[in-house]
Amino acid sequence: MNKFLIATTMLGIVIILDIFLDQIFWKWNTTFTEDMQNNTFNGETFIFAFFSYLIVLPPAIGGILYFYTDLKIDSLLYIFTVLSGDIINSFLKNIYHQPRPYWIQSEISGLDCNTEYGKPSGHAQTSVMMIFLLQFIYYPKTQIWSADKTIRMRVKIMIFVLQCVTIFMIGLSRVYLGVHSIGQVLLGWCFGIYCVFVYEEYIHELFYNYMKSELSVLKANRFKTAVQYGTLIFIIIFSLNLGLYFINKYEFVNDEELQIWLQQIADCQGSSVSLFSKIYQNGFLQVGLISIIYSFILGCHFSDGIYQQGKSNLQNKEFKLMLYRLLCLLPLGIAALILLIPTENVFIEAYLKLTPLEFLAGFYITIIYQKILKYFNLQLEGDFLVQATQAYANINDS
């Protein structure tokens with residue numbers, strides 16, 4: 001608990017310092033970013049864009065490890081923690097409601113056209129969480145160390161340096177692209193470090209053991225506690241989200257300032273932008289990601305399958321079988337096409353498109369997918385929430 005108090009106090013000090021140093025950071029950022037953008041070399045924009053989009057790789061790795069290894073609980077914890085970091089960042093952005101540099105500074109070009117608020121940087125915060133937790137959650141299961149302590153230490157140092165360099169480059173890329181200020185990136189890193197500390201010290205072991213215990217046997221009221229707390233958190237997050245939406249819309253942003261921001265976004269995107277929801281929409285919808293976590297918990301509660309870690313052996317299965325199993329996810333991909341239907345109404349986007357799709361994704365992975373595998377005799381022992389059946393026996397013997 002002393003560690004938690006110290007870490008929380010340090011974060012509080014950082015937040016206070018950020019308030020007092022905000023204008024200084026903006027001045028530094030204007031000079032620094034303008035100099036970077038005006039003195040580029042061939043391929044520099046591509047390099048920074050690469051690091052900016054590199055942030056999608058760790059969650060993809062988590063998804064692959066979930067479907068093709070026996071590290072399913074680890075993978076779920078990793079993915080849900082990353083989603084939680086994204087939700088926290090969206091809340092913070094809509095509390096700070098600070099514009100992005102290219103919205104308000106004519107000296108800075110928007111080389112990427114993000115439309116939600118800018119502080120703290122989501123890329124900075126989630127990159128810290130994604131990169132450090134990727135090693136923490138999967139270690140030591142995915143790493144083989146030498147028996148030599150000196151070699152082990154050198155490898156750890158090399159990995160840590162690589163992690164720090166990658167995080168730094170992702171943050172720097174956001175400044176170069178004109179979508180974040182130096183202060184926004186620094187604050188994002190600080191929130192990310194705090195989230196990593198809290199998760200590693202107080203959450204991971206507790207959640208891991210709870211999920212392993214609840215999933216290993218089929219019993220009445222499985223995940224009952226998780227459903228109760230999950231329902232409460234789901235309601236609170238959606239209520240706060242709506243409250244922040246209206247507070248931002250009617251209290252924090254004046255029409256003159258809003259029109260300036262919208263015009264900069266329109267110039268960047270090459271299309272007209274006329275609604276407040278364009279600025280708030282992305283952050284508003286990211287908070288809706290709680291629907292995926294909540295629906296997954298509900299799916300585990302209602303599922304009649306179990307998961308016993310250590311029994312999966314997907315690596316030795318033939319490609320044809322794995323392809324068939326992958327094709328069973330196709331209906332979920334088809335359902336996702338609803339996102340292509342254009343709408344300018346943030347509530348239609350959130351409550352009639354994204355949230356239903358997120359609930360479908362959670363229920364599909366936990367219940368529907370396994371029933372499809374069972375129906376087509378594609379289940380394997382060790383599958384997540386595998387149905388109580390002998391149907392996988394023939395496949396296991398093949």
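Residues considered: 155, 165, 196, 217. Of these, the only one that is of a type outside the set (S, T, N, Q), in contact (Cβ under 8 Å) with a residue 40 or more places away in the chain and open to solvent by 20 Å² or more (accessible area, probe 1.4 Å) is 217.
Residues of region 375-392 include none that is surrounded by 14 or more Cβ atoms within 10 Å (Cβ to Cβ) and in a helix (DSSP H, G or I).
Filter region 246-258 for residues that are modelled with pLDDT under 80 and assigned to a helix (DSSP H, G or I) and give the result. The answer is 248, 249, 250, 251, 252, 255, 256, 257, 258.
Taking the criterion of being among the basic types (Lys, Arg) and over 26 Å from residue 31 (Cβ atoms), the only residue of region 164-213 that qualifies is 212. Take the conditions (1) buried (at least 17 other Cβ atoms within 10 Å of the Cβ); (2) under 20 Å from the mean Cα position of the chain (by Cα); residue 227 misses just one of them, which is (2).
Return yes or no: is residue 344 surrounded by 13 or more Cβ atoms within 10 Å (Cβ to Cβ), of a type in the set (D, E, K, R) and farther than 16 Å from residue 66 by Cβ?
So residue 344 fails the test.
Residue count for region 317-346 under the criterion of being of a type outside the set (Lys, Arg) and not in a helix (DSSP H, G or I): the result is 8. In region 135-224, counting only helices (runs of 4 or more DSSP H) that sit wholly within it, the ones holding 2 or more residues that are closer than 24 Å to residue 65 by Cα and among the acidic types (Asp, Glu) span 204-216. Pairing each residue of region 1-18 that is in contact (Cβ under 8 Å) with a residue 12 or more places away in the chain with any residue that is in a helix (DSSP H, G or I) and acidic (Asp, Glu), provided the two are 6+ apart or on different chains, yields C-beta distances under 8 Å for 3/201; 4/201. Residue check: residue 68 meets all listed conditions (1) open to solvent by 70 Å² or more (accessible area, probe 1.4 Å); (2) modelled with pLDDT of 90 or more; (3) in contact with a helix residue (DSSP H, G or I) (Cβ under 8 Å, 6 or more places away or on another chain); (4) aromatic (Phe, Trp, Tyr) but one, namely (2).
Could you tell me whether region 87-94 includes any residue that is over 26 Å from residue 32 (Cβ atoms), open to solvent by 30 Å² or more (accessible area, probe 1.4 Å), among the hydrophobic types (A, V, I, L, M, F, W, C) and touching a residue at least 24 places away in the same chain (Cβ under 8 Å)? Within region 87-94, one or more residues are over 26 Å from residue 32 (Cβ atoms), open to solvent by 30 Å² or more (accessible area, probe 1.4 Å), among the hydrophobic types (A, V, I, L, M, F, W, C) and touching a residue at least 24 places away in the same chain (Cβ under 8 Å).
Which residue is modelled with the lowest pLDDT, if the candidates are limited to region 289-304 and must be open to solvent by less than 40 Å² (accessible area, probe 1.4 Å) and under 12 Å from the mean Cα position of the chain (by Cα)? Explain how you work it out, then say what you get.
Taking region 289-304 and keeping what is open to solvent by less than 40 Å² (accessible area, probe 1.4 Å), we get 289-291, 293-300, 303.
Adding the requirement that they be under 12 Å from the mean Cα position of the chain (by Cα) leaves 289-290, 293.
On the way: 289: 84, 290: 89, 293: 93.
In this case the residue turns out to be 289.
Residues in region 1-43 that are closer than 18 Å to residue 99 by Cβ, of a type in the set (A, V, I, L, M, F, W, C) and open to solvent by 50 Å² or more (accessible area, probe 1.4 Å): 5 in all. Any chance region 243-264 includes a residue that's open to solvent by 30 Å² or more (accessible area, probe 1.4 Å), out of contact with any strand residue (DSSP E or B) (no Cβ under 7 Å at 6 or more places or on another chain), hydroxyl-bearing (Ser, Thr, Tyr) and in contact (Cβ under 8 Å) with a residue 24 or more places away in the chain? So far as region 243-264 goes, no, none of its residues is open to solvent by 30 Å² or more (accessible area, probe 1.4 Å), out of contact with any strand residue (DSSP E or B) (no Cβ under 7 Å at 6 or more places or on another chain), hydroxyl-bearing (Ser, Thr, Tyr) and in contact (Cβ under 8 Å) with a residue 24 or more places away in the chain. Candidates 234, 284: the one that is modelled with pLDDT of 75 or more and within 30 Å of residue 80 (Cβ to Cβ) is 234.
The values are calculated or read from the model by the stated rules, or taken from the named source; none is laboratory data. Since the model is a prediction, treat every value here as computed from it, not as a measurement. Ideal geometry is used to build each Cβ from the backbone, glycine not excepted, and the neighbour counts take in all protein chains shown. Note: accessible area is taken over every heavy atom of the protein model, side chains too, but ligands, DNA and RNA are not part of it. Shrake-Rupley method; radii C 1.70, N 1.55, O 1.52, S 1.80 Å.
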